[in-house]
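Written below as structure tokens is the structure these notes are about.
The values are calculated or read from the model by the stated rules, or taken from the named source; none is laboratory data. What you are looking at is a predicted structure, and each value in this text was computed from that prediction instead of being measured. With ideal geometry, Cβ positions are generated from the backbone for all residues, glycine too; neighbour counts draw on all protein chains shown. Accessible surface is based on the protein model in full, side chains and every heavy atom, while ligands, DNA and RNA are left aside. Shrake-Rupley method; radii C 1.70, N 1.55, O 1.52, S 1.80 Å.
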Amino acid sequence: MNIVASMELYSYWNDLRGDTPAPVRQNIEPEKIRHLLPDLFILSDEAETSPNFRLTGTRLYSIFGRELHKTAFSKLWPPQNAQTLVTIAKTVMHREIPAILTVRGVEQQDPTELSERQSPNDDISYEMLLLPLRSSQPSEPRLIGGLFPQNRKHVYIRPVVTLIPETCRILESVATETALKNHA
């Protein structure tokens, strides 16, 4: 983790879960992470092909230029990457194992610009943290996630049309290792 906001969310989540693999969703107290809320989202998996956004922070609306509520998680990614990212999200939810990704946001091309293609240097880098949540309904696994820009001062002039995955890392801790042993 390189971004302070990712570390803060992970620390809050880790404190809530204690020695369990994941905290109960109802125990999340938004006021304790108020400064992170614009960058947060909750995904739910209701036996769909892709988890859907249940809640999204206001900065996500600014980043994507649209509301993501009830949007499939797979729609954020290029078709060739979508299934892999859906599998990662479902693994986080069902196996209760946190993950962190670095992703690149590709902004919408302005048709009035002379260049045919945007330079990769124009893309925006983010850290995406995916943390499992337990639900009162075992049939509805969820996760809380954060999409944190590397450069907080970036001005969103054009919406991000897709996210390009760059790296993915599973986050292990004593509680996670215990959970893995219990699932084995």
Extension gain, Arg169 back to His94 (0.36 nm per residue minus Cα-Cα distance, nm): 25.3 nm
Amide H contacts of Gln150 (H built 1.01 Å from N, under 5 Å, at least 5 apart or other chain): Ser125, Tyr126, Glu127
Per-pair calculated FRET efficiency, R0 = 30 Å: Met7 and Thr87 via Cβ, rounded to 0.05: 0.70
Glu29/Arg158 FRET efficiency (R0 25 Å; Cβ-Cβ; nearest 0.05): 0.10
Calculated from backbone phi, Karplus (6.51, -1.76, 1.60) coupling profile of segment 84-89 in Hz, x at Gly/Pro: 4, 6, 5, 4, 4, 4
Full-extension gain in nm, Leu37 to Ser62, via 0.36 nm per residue minus C-alpha separation: 7.7 nm
Accessible surface of segment 1-67 [probe 1.4 Å, protein heavy atoms]: carbon and sulfur percent: 50 percent
